[in-house]
């Protein structure tokens with residue numbers, strides 16, 4: 001047990017290998033969203049145009065729900081949330097992203113941001129958790145203010 005802890009500590013020390021960090025989303029993140037949305041639209045069109053006439057409603061519905069699950073899991077991998085109460089970043093499982101609703105808030109400067117009402121795993125309080133982008137440690141170095 002002690003040896004495993006030492007190995008984990010060594011792995012996390014050094015150049016930050018394996019450590020995920022979060023930065024604010026920018027308006028230039030549109031390309032990543034577009035290809036994921038395009039894949040989902042392609043699955044829906046395939047389900048409606050090919051599967052529905054051939055197999056009927058139920059396989060079509062199952063394929064569309066599976067495509068939606070795929071889209072949300074792709075988005076969940078590269079995103080996280082920042083608690084409004086304690087300011088710490090965290091990630092949620094795909095099921096939480098799938099079944100909770102998102103909302104849009106307005107910043108004082110007039111720009112918009114996305115959030116969800118989530119319970120923070122660090123402080124245990126429910127708050128409007130802001131959506132942030134997950135980046136690797138190498139990418140995040142020197143790229144501006146890092147979130148806690």
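The values are calculated or read from the model by the stated rules, or taken from the named source; none is laboratory data. What you see is a predicted model, and the numbers here were worked out from it, not measured in a lab. Cβ atoms come from the backbone with ideal geometry, glycine included; neighbour counts cover every protein chain shown.
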Point to revise | Residues (at pLDDT 85 or above and surrounded by 10 or more Cβ atoms within 10 Å (Cβ to Cβ)) located in region 97-110 | key: 100, 102, 103, 105
Review point. Taking the stated definitions as given, is residue 61 more than 30 Å from residue 123 (Cβ to Cβ) and out of contact with any helix residue (DSSP H, G or I) (no Cβ under 7 Å at 6 or more places or on another chain)?
Key: yes
Practice item. Go through region 71-91 and count every residue that is part of a loop (DSSP other than H, G, I, E, B) and over 8 Å from the mean Cα position of the chain (by Cα). Key: 6
Study note, to complete from the structure: Filtering region 104-121 down to residues that are farther than 12 Å from residue 131 by Cα and in contact (Cβ under 8 Å) with a residue 12 or more places away in the chain yields 120, 121
Practice item. Return only the number of the condition from (1) under 20 Å from residue 134 (Cβ atoms); (2) part of a loop (DSSP other than H, G, I, E, B) that residue 101 does not satisfy. Key: (1)
Study note, to complete from the structure: Condition set out of contact with any helix residue (DSSP H, G or I) (no Cβ under 6 Å at 6 or more places or on another chain), over 24 Å from residue 92 (Cβ atoms) and in contact (Cβ under 8 Å) with a residue 12 or more places away in the chain, scope region 31-58, selection surrounded by the fewest Cβ atoms within 10 Å (Cβ to Cβ): answer is 48
